[in-house]
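The values are calculated or read from the model by the stated rules, or taken from the named source; none is laboratory data. A quick note: this is a predicted structure, and the numbers were derived from the prediction, not measured. When we count neighbours, we look across all protein chains shown, and the Cβ atoms used for this are built from the backbone with ideal geometry, even at glycine. Surface accessibility is based on the protein's heavy atoms, side chains included, excluding ligands, DNA and RNA. Shrake-Rupley method; radii C 1.70, N 1.55, O 1.52, S 1.80 Å.
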Amino acid sequence: AISEKLFLREILVGENFSDPVRMLYGGILCKSPRSEAPKSFEIMEAFYIQGSDPMSSLTHLVGLVVVLFLSVPMVMSARRSWSTFLFTLQFAFACVLLLTISSIFHMMAVGTPARDLMLRLDIAAIFVLIASTFTVLHGFL
């Protein structure tokens, strides 16, 4: 964690550390000097300099697509009773809400008022999803 901070400090402040910097890339912790950083890492650098987290945003967007795709048959199969349909619909809505807000939050630059607002909305959406999960379980039991 310390060496990752040094690497980001080298990028942000422009300090050049002569020692190899440890960085996490592709799930493997490796030692690599700044000049030997993989090209895909350099592409992502611009986003991380701004403080955003594009990989988290991308995974949340992929999850959103999967939830949208799977929630249609889930809600359609719950048409056997009005209450089951509503419980399932509100759970699907909570999942979509959380993934949408979270993907937007992770793409925003750090230190902006909009990111602070999105952080609060992201945490609120997490609580909504937790409550929605309990509501569905309570409704089905």
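State whether the residues of the stretch 93-111 include one that is surrounded by fewer than 12 Cβ atoms within 10 Å (Cβ to Cβ), at pLDDT below 90 and part of a helix (DSSP H, G or I).
No, the conditions are met nowhere in the stretch 93-111.
Which of the residues belonging to the stretch 69-84 are open to solvent by less than 50 Å² (accessible area, probe 1.4 Å) and assigned to a helix (DSSP H, G or I)?
Scanning the stretch 69-84 gives Ser71, Val75, Thr84.
In the stretch 112-133, which residues are of a type in the set (Gly, Ala, Ser) and crowded, with 17+ Cβ neighbours inside 10 Å?
Passing the criteria: Ala125, Ser132.
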